[in-house]
Amino acid sequence: MIVVGDEVRAAISAKKAVVALESTIFSTLGLPAPANSEALARCTKAVRKAGAVPALTAVVDGVIWVGLPDEMQELVLNASVKVAARDLGVASARRLSAGVTTVSASVVIADQVGIEVFATGGIGGVHRDAEITGDISADLDAIAHHGVTVVSAGAKAFLDLPRTLEYLETRSVPVIGWRTDHFPAFYTQSSGLDVPYRVDDAKSVARIHVARRELGQGGTLLAVPIPTHAELDGQRIAEAIEEGLRQVDGRQLSGPQVTPAVLAEIEKATGGESVDANLALAENNAEVAAKVAFEIAQL
Ligand code: PSU
Ligand code: MN
């Protein structure tokens with residue numbers, strides 16, 4: 001069962017701006033405590049400040065929440081069961097006590113209740129050894145399939161970014177650079193790869209979103225570079241990623257375990273700098289998403 005929180009339900013019926021948020025990033029699978037609760041507070045505040053209503057998604061006692069009530073947020077911060085799109089139905093039917101939603105699950109939920117904009121830090125993508133492991137995040141297909149504009153700082157930098165862009169092209173997802181011609185690399189502003197489209201204001205994103213909605217096409221990826229003041233040194237983060245991947249490589253991890261393990265190792269290798277960067281970019285994405293949602297609501 002999907003339950004829409006009161007404030008979110010009112011906003012949807014009044015056609016006001018709403019921004020869906022995933023919860024994996026706010027659990028310890030995404031960020032270490034207490035940075036996870038700080039991230040949640042900063043993102044929800046940023047959405048409100050820009051004139052939209054935040055709608056946090058999560059599973060609690062089998063209920064798929066969108067607009068999780070504040071008093072239940074503690075459950076999300078402590079949860080360690082990752083719920084992707086494939087897991088949603090099972091989590092609901094089996095009354096999972098507490099589960100955190102990924103991008104793929106959140107996009108499914110948002111679409112189902114009529115929320116058209118979603119924000120996160122970085123989406124999942126094609127992993128670097130995908131030709132061997134077959135590991136391609138379900139986030140990509142979920143975005144392709146659901147008419148939600150997803151705002152992120154590109155895809156996580158430890159992924160295979162060129163292949164991630166190729167895959168998005170194959171699935172007809174337009175990747176739009178927010179005030180940039182380059183695909184961001186999460187911790188740094190540019191991966192050096194070109195994006196097919198650039199926009200410089202929220203209204204332009206809203207127009208593209210609405211045009212795709214009229215066509216009955218799927219989602220759009222708005223790629224927002226990390227703010228300049230929070231950007232990490234490219235060389236240093238590249239080394240930390242190599243180190244993180246090496247650490248995880250020997251552990252025979254697969255499926256949903258891979259991403260949280262790599263994130264934790266990168267955090268270690270950067271001495272926590274990656275966490276500060278993650279907070280800053282997630283907050284910035286939430287703000288941009290709210291502006292886009294606001295403009296969509298005007299059209
Ligand atoms: N962004 C972060 N940290 C995270 C994630 C995103 O900064 O933990 C999560 C998101 O929930 C995303 C998921 O949907 O990782 C992708 O996991 P996988 O690679 O297993 O598809
Ligand atoms: Mn995977």
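Of the strands (runs of 3 or more DSSP E) entirely within the range 1-83, none holds at least 3 residues that are charged (D, E, K, R) and modelled with pLDDT of 95 or more. Taken together, the residues in the range 149-161 that are in a loop (DSSP other than H, G, I, E, B) and either more than 9 Å from ligand 1 (Cβ to nearest atom) or at pLDDT 95 or above (or both) amount to 4. Only one entry in LEU221, LEU263, LEU245, LEU281 is crowded, with 21+ Cβ neighbours inside 10 Å, within 16 Å of ligand 2 (Cβ to nearest atom), in contact (Cβ under 8 Å) with a residue 60 or more places away in the chain and among the hydrophobic types (A, V, I, L, M, F, W, C), namely LEU263. Among the residues of the range 2-51, those identified as touching a residue at least 60 places away in the same chain (Cβ under 8 Å) and either within 16 Å of ligand 2 (Cβ to nearest atom) or within 19 Å of ALA84 (Cβ to Cβ) (or both) are ILE2, ALA20, LEU21, GLU22, SER23, THR24, ILE25, PHE26, SER27, LEU29, GLY30, LEU31. Residue count for the range 84-98, restricted to those that are outside any helix (DSSP H, G or I) and of a type outside the set (D, E, K, R): 4. Counting just the residues of the range 81-115 that are within 17 Å of the chain's Cα centre (by Cα) and small (Gly, Ala, Ser), which one comes out surrounded by the most Cβ atoms within 10 Å (Cβ to Cβ)? Filtering first and then ranking leaves SER106.
Taking each residue of the range 130-152 that is over 15 Å from GLY114 (Cα atoms) and looking for partners that are more than 14 Å from ligand 1 (Cβ to nearest atom) and among the hydroxyl-bearing types (Ser, Thr, Tyr) with beta-carbon atoms closer than 9 Å, six or more apart or interchain, yields ALA144/THR170; ALA144/SER172. Within the range 116-148, the set of residues being crowded, with 23+ Cβ neighbours inside 10 Å, in a helix (DSSP H, G or I) and within 14 Å of ligand 2 (Cβ to nearest atom) comprises ASP139, LEU140, ALA142.
Hey, any hits in the range 91-103 for a residue that's without any contact (Cβ under 8 Å) to a residue 60 or more places away in the chain, under 30 Å from ALA297 (Cα atoms) and within 11 Å of ligand 1 (Cβ to nearest atom)?
no
The values are calculated or read from the model by the stated rules, or taken from the named source; none is laboratory data. Values in this document were obtained by computation on a predicted structure and should not be read as measured data. FYI the Cβ positions are ideal-geometry reconstructions off the backbone, even for glycines, and counts take in every protein chain you see.
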